[in-house]
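Encoded as structure tokens, here's the structure I'll be asking about.
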Amino acid sequence: QECSKKQKNDDTQSTSVDALSSNDGLEEKNEFHTLANAKILLSDCLACDNCMTSEEGARVFQQNQKELFRILNLNKKCDTSKHKVLAVSICPQSLPYFAAKFSLSVNDAAKRLCGFLKSLGVHYVFDTTIAADFSILESQREFVQRYQRRNQEEHALPMFASACPGWIRYAERVLTNLVTSHICTAKSPQQIMGSLVKGYFARQQNLSPDKIFHVIVAPCYDKKLEALREDFYTALYNSQEVDCVLTSGEIVQIMEQKNVSMKDVTEVAVDSLFDEIKEGDVVRHDGKRSDGYLEHIFKHAAKELFGMDVKEITYKALKNKDFQEVTLEKDGETVLRFAAAYGFRNIQNMVLKLKKGKFLYHFVEVLACPGGCLNGKGQAQTEDGKPDKALLNQMEEVYAAIPVRLPETNMHVQKMYQDWLEGMDSKKVQETLHTKYSAVNQTASNLDIKW
């Protein structure tokens, strides 16, 4: 039975939520019956067809818009024991999609997206840039440590980036021990955001983590798989760090089903994890198509290891625009050699070189999507599943125009290292911001897959 103690301004909102919710499946089909449930197909998934169990497939199937509206509907019922605080965290690479698709500035897109989500009944909307700050800082420190141990540890270098779940899935399920020991242990921004929301924010709000339903809005489907990892689950609270991942395209589907345009939505400032503070203008990290791990780690390593201040980075394209390298020279010697490898053809070539012992790079920023995160298959796709090149070009222009903020300059991050994580070298930092990657179900012939 509906709760009779609603405020007047909730009437319209609750009606729309109830109309869109799926409830127990016994009701008549609502307007959401036309939406496809979340599925991971080989054409969408960026790993191989052997990488997902039937149990994982069933759990991925549950990560769809109906699950969001199931929680929204529960929050409208009288049984407060089942109510959840609903928090949505938005990836920086999703915002240019909304901005380009609806012809808005990226700041307007962020505020209107926040306004739309809150009109549905979402309590908090966060930006995951702060989580990327932590991820980059931890990756920087780990690279310097690995470089200094390179002569003592066989698997210290090269170091591979760990932010892309499609790449991680492929490495663990297909490449196995050849690669997993080389992967940076820093969590991805998505999962660090999970720790921030279910850990730091929950404590600030005096909430048990299982009382928060945490949704991520992301550019790609593989983020759904990442959210299911066992190491991102807290048994004490029976709670995942991220409960549900919706792609940018799935959010647009909800807007279309509700017949809402972003341009018609009221702007609402994005929330901050800190008290009543609101986020300001959107910022990003260095890097044209991603969170910029290569650029940040390269500049940090040049300074820490060789005392050199690198202001601008020059990329050299090799076989294609999605495989580029960056080098640092000192006294006529190449002391750092980094690469960006995007797309599985480049990843496979990279791995074959590693296998043959002909690998020259100290660090590789690996992304499963050709063109990087902006080109995730959960956004900027045409109706036949092909990349929408015109929209993607607009998105790249929008993203490039966003001001860059160095993670070292975020005072909130520095304060949280001390107040929440008990110092930068603490055990809690390792437990909260890092994870382990290991081989799973080795398949002998999978290195021969043609991408």
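The values are calculated or read from the model by the stated rules, or taken from the named source; none is laboratory data. None of the values given here were measured: they were computed from a predicted structure. With ideal geometry, Cβ positions are generated from the backbone for all residues, glycine too; neighbour counts draw on all protein chains shown. Just so you know, the surface numbers come from the protein's heavy atoms only, side chains and all, with ligands and any DNA or RNA stripped out. Shrake-Rupley method; radii C 1.70, N 1.55, O 1.52, S 1.80 Å.
Regarding Gly115, is this residue surrounded by fewer than 23 Cβ atoms within 10 Å (Cβ to Cβ) and closer than 26 Å to Tyr97 by Cα?
In short, yes.
Which one of these does Lys436 not meet: (1) open to solvent by less than 20 Å² (accessible area, probe 1.4 Å); (2) assigned to a loop (DSSP other than H, G, I, E, B)?
(1)
Right, something else. When the residues of the range 230-255 are narrowed to those that are modelled with pLDDT of 85 or more and more than 15 Å from Glu67 (Cα to Cα), which ends up farthest from the chain's Cα centre (by Cα)? Don't jump to the end; show me each part of the working.
Narrowing the range 230-255 to residues modelled with pLDDT of 85 or more: 240-255.
Now restrict to residues that are more than 15 Å from Glu67 (Cα to Cα): 241, 248-249, 252, 255.
Working: Glu241: 13, Ser248: 12, Gly249: 15, Val252: 18, Met255: 22 Å.
The residue in question is Met255.
List the residue pairs whose Cβ atoms are under 8 Å apart, where the first residue sits in the range 71-89 and is in contact (Cβ under 8 Å) with a residue 12 or more places away in the chain and closer than 21 Å to Gln190 by Cα, the second is among the small types (Gly, Ala, Ser) and buried (at least 18 other Cβ atoms within 10 Å of the Cβ), and the two are 6 or more positions apart or on different chains.
Leu86/Gly121; Ser89/Ala131
Let me ask another. Find the residue count for the range 378-390, including only residues that are within 13 Å of Gly249 (Cα to Cα) and acidic (Asp, Glu).
Summing the residues that are within 13 Å of Gly249 (Cα to Cα) and acidic (Asp, Glu) in the range 378-390 gives 2.
While we're here: Is it true that Glu241 is under 16 Å from Val217 (Cβ atoms), touching a Lys or Arg at 6+ places or on another chain (Cβ under 9 Å) and acidic (Asp, Glu)?
For Glu241, the condition - under 16 Å from Val217 (Cβ atoms), touching a Lys or Arg at 6+ places or on another chain (Cβ under 9 Å) and acidic (Asp, Glu) - is met.
Scan the range 315-363 residue by residue and report those that are part of a loop (DSSP other than H, G, I, E, B) and of a type in the set (Gly, Ala, Ser).
Residues satisfying the conditions are Gly332, Gly343, Gly357.
Considering Arg169, Arg150, which residue is more than 30 Å from Lys415 (Cα to Cα), modelled with pLDDT under 95, not acidic (Asp, Glu) and not in a helix (DSSP H, G or I)?
Values: Arg169 fails: not in a helix (DSSP H, G or I).
Checking each option against the conditions leaves just Arg150.
Considering only the range 413-431, state which residues are open to solvent by less than 20 Å² (accessible area, probe 1.4 Å) and in contact with a Lys or Arg (Cβ under 6 Å, 6 or more places away or on another chain).
Leu421
Here are some residues: Lys316, Lys311, Lys303. Which one is in contact with a Ser or Thr (Cβ under 8 Å, 6 or more places away or on another chain), open to solvent by 30 Å² or more (accessible area, probe 1.4 Å) and either in the same structural domain as Gln140 (by the TED database) or closer than 17 Å to Ala401 by Cα (or both)?
Going through Lys316, Lys311, Lys303 in turn, just one is in contact with a Ser or Thr (Cβ under 8 Å, 6 or more places away or on another chain), open to solvent by 30 Å² or more (accessible area, probe 1.4 Å) and either in the same structural domain as Gln140 (by the TED database) or closer than 17 Å to Ala401 by Cα (or both): Lys316.
Pull up the range 172-190, narrow it to residues that are farther than 18 Å from Gln140 by Cβ and of a type in the set (S, T, N, Q), then point me to the one that is modelled with the lowest pLDDT.
Thr176
Now, a different point. Might you check whether a residue that is β-branched (Val, Ile, Thr) and farther than 22 Å from Pro407 by Cβ occurs anywhere in the range 114-129?
The answer is yes; a qualifying residue exists.
Quick one: which residue in Asn410, Asn393, Asn375 is among the polar types (S, T, N, Q), under 24 Å from the mean Cα position of the chain (by Cα), surrounded by fewer than 16 Cβ atoms within 10 Å (Cβ to Cβ) and closer than 28 Å to Ser248 by Cβ?
Numbers: Asn410 fails: surrounded by fewer than 16 Cβ atoms within 10 Å (Cβ to Cβ); Asn375 fails: surrounded by fewer than 16 Cβ atoms within 10 Å (Cβ to Cβ).
Being among the polar types (S, T, N, Q), under 24 Å from the mean Cα position of the chain (by Cα), surrounded by fewer than 16 Cβ atoms within 10 Å (Cβ to Cβ) and closer than 28 Å to Ser248 by Cβ holds for just one of Asn410, Asn393, Asn375, which is Asn393.
Take the residues of the range 347-364 that are surrounded by 23 or more Cβ atoms within 10 Å (Cβ to Cβ) and within 14 Å of Ala171 (Cα to Cα): which is modelled with the lowest pLDDT?
Looking at the filtered set, the residue picked out is Ile347.
When you go through Leu392, Leu421, Leu352 one by one, which is the residue that is touching a residue at least 60 places away in the same chain (Cβ under 8 Å) and in contact with a Leu (Cβ under 9 Å, 6 or more places away or on another chain)?
Working: Leu392 fails: touching a residue at least 60 places away in the same chain (Cβ under 8 Å); Leu421 fails: touching a residue at least 60 places away in the same chain (Cβ under 8 Å).
None of the others qualify; the one that does is Leu352.
Then there's this: All but one of (1) modelled with pLDDT under 95; (2) in contact with a Cys (Cβ under 8 Å, 6 or more places away or on another chain) hold for Val125, so report the exception by its number.
That leaves (1) as the condition not met.
Given the residues Asp264, Asp243, which is the only one that is open to solvent by 10 Å² or more (accessible area, probe 1.4 Å) and under 16 Å from Thr128 (Cβ atoms)?
Asp243
Given (1) part of a strand (DSSP E or B); (2) touching an Asp or Glu at 6+ places or on another chain (Cβ under 7 Å); (3) free of Cβ contacts under 8 Å to residues at least 60 places away in the same chain, where does His214 come up short, assuming only one miss?
For His214, the failing item is (3).
For the condition open to solvent by 10 Å² or more (accessible area, probe 1.4 Å), of a type outside the set (A, V, I, L, M) and farther than 23 Å from Glu67 by Cα, what is the one hit in Ser135, Ser103?
Sole residue among the options that is open to solvent by 10 Å² or more (accessible area, probe 1.4 Å), of a type outside the set (A, V, I, L, M) and farther than 23 Å from Glu67 by Cα: Ser103.
Filter the range 78-110 down to residues that are of a type in the set (A, V, I, L, M, F, W, C) and part of a loop (DSSP other than H, G, I, E, B) and give me whichever is modelled with the lowest pLDDT.
Cys78
Are any residues in the range 153-166 part of a loop (DSSP other than H, G, I, E, B) and either touching a His at 6+ places or on another chain (Cβ under 9 Å) or among the aliphatic types (A, V, I, L, M) (or both), and if so, which ones?
His155, Ala156, Leu157, Pro158, Ala161, Ala163 - these are the residues of the range 153-166 that are part of a loop (DSSP other than H, G, I, E, B) and either touching a His at 6+ places or on another chain (Cβ under 9 Å) or among the aliphatic types (A, V, I, L, M) (or both).
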